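Down below is the structure, laid out as structure tokens.
The values are calculated or read from the model by the stated rules, or taken from the named source; none is laboratory data. Keep in mind that what you see is a predicted model, and the values were worked out from it rather than measured. Reconstructed Cβ throughout: ideal geometry from the backbone, glycine too, with neighbour counts over all protein chains shown. Side chains included, ligands, DNA and RNA excluded: accessible areas come from the protein's heavy atoms. Shrake-Rupley method; radii C 1.70, N 1.55, O 1.52, S 1.80 Å.
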Amino acid sequence: MVKVLKGIKLRLYPNQHQVDQLWQMFGNSRFVWNQMLAIAKERYRNNPSSRFVNEYGMNYLLRPLKQEYPFLKQSDSTSLQVINHDLVQSFKMFFKHQGGYPRFKNRRASKQSYTGRSTCRVIAKHRMKLPKLGTIRTSKTSRVAGLKIKRYTVSYDSTGRYYLSLQAEASAPQALPKTGKAVGLDVGIANLAISSDGTKYKTFNAEWLAKQAVRWQSKYNRRQHWAQVAVRQWNHNHKTFKAELTDYQNWQRARIQKARYQQKIANQRKDYLHKLTTALVKQYDVIVIEDLKAKNLQHNHHLAKAIANASWYEFRTMLAYKCAWYGKKLIVVKPNYTSQICSRCGHHSGPKPLAVREWTCPKCGVHHDRDINAAVNILHKGLKAIG
């Protein structure tokens, strides 16, 4: 039987003792990352030709590190090995010029997490057993029952909530019935996707939530400024007691409210994308999309926010794995000239500014909707690619 990996995210409700344990383990993972990164930097500084310490070597260093710092024993041992693996992967990406040099981790970062490979299991409907933490209260665990858990991640985000993300091995879902239909999809800003059939799927919009997020962002910035001023004045006048920025409750409240509105927008956008991609996969056997580099397009500061809100990359990722799961086919083609070529006669009429949404072919006289014409050209390219 074919197996697939699924990601499942649960909310955690730790008690105070477990909260203390979690923050100790967050700190331990951060400490090991920083120690191993410092060793790598120091070796290179002293001898640039020195051999890079690989993952096996870093894991070998964990034993003396635990003897020197006994608090590391309070963490799941596999979580420290995962940290070494992630650091080695970061260096590999850096050596391939596919990422920047790994950075030290900060305890003041808004998101903290650790990942382990040990077994965690369901105890009851709202209970799971995690290494070192014991049984912990969670949201509904019915989605996890019967699945083989490969690894888990416990995280704390900027909203002040704890989450458990599971990577589980499950049986592949049954293939969907064939419909014999193929479609080309042109992605846009006002409309997330325009099909070659003429259907336009709107971009996700949460106007009220976005306004609330901006409102609390401005409150956060204002309160942070005055809190920083107050901290400097307090520390100047009171030498024996040192105030921290986190001591100011109004600033903390604005930070959490801002983060929660932003997370709500992200959750609703993801839900919208899931429903849309599932509907497309059910309706079509072959889906052709264009290979857009969203990161490059975001260099246009007039369109960057709209492109980020459209989530083209996430839309494509969801289509890719759902097509693989349900026995459908996703084809990615180059977007060159798709909006400049007439889909009826193939005449190339040259580039057109974004303001031009409709045009008439000077050769065959057919009137085109810019986006639908591009979607038809994308479909033709995809069908040509697969013969």
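I'd like the residue in region 178-234 that is closer than 13 Å to ALA254 by Cβ and among the small types (Gly, Ala, Ser) and, out of all such residues, is most open to solvent (accessible area, probe 1.4 Å). Selected residue: SER218.
Give GLY327, GLY365 a once-over and let me know the one that is at pLDDT 85 or above, assigned to a loop (DSSP other than H, G, I, E, B) and either touching a Gly at 6+ places or on another chain (Cβ under 8 Å) or among the small types (Gly, Ala, Ser) (or both). Checking each option against the conditions leaves just GLY327. Please find, among VAL82, VAL4, the residue that is in a helix (DSSP H, G or I) and either among the hydroxyl-bearing types (Ser, Thr, Tyr) or within 20 Å of ARG151 (Cα to Cα) (or both). Only one candidate passes the filter, namely VAL82. Here region 1-59 is the region considered, the condition is being basic (Lys, Arg) and under 20 Å from VAL82 (Cβ atoms), and the residue that is nearest to the chain's Cα centre (by Cα) is LYS9. Scanning region 101-120 for residues that are modelled with pLDDT of 90 or more and either in a loop (DSSP other than H, G, I, E, B) or farther than 28 Å from ARG260 by Cα (or both) yields TYR101, PRO102, ARG103, PHE104, LYS105, ASN106, LYS111, ARG117. Taken over region 65-81, residues that are over 19 Å from GLN18 (Cβ atoms) and either in contact with a Phe, Trp or Tyr (Cβ under 8 Å, 6 or more places away or on another chain) or among the acidic types (Asp, Glu) (or both) amount to 2. Within the option set LYS270, LYS258, being over 26 Å from GLY7 (Cα atoms), out of contact with any Gly (no Cβ under 6 Å at 6 or more places or on another chain) and in a helix (DSSP H, G or I) holds for one residue only, LYS258. The set of residues from region 124-171 being in a loop (DSSP other than H, G, I, E, B), of a type in the set (A, V, I, L, M, F, W, C) and exposed (fewer than 14 other Cβ atoms within 10 Å of the Cβ) comprises just one member, ALA145.
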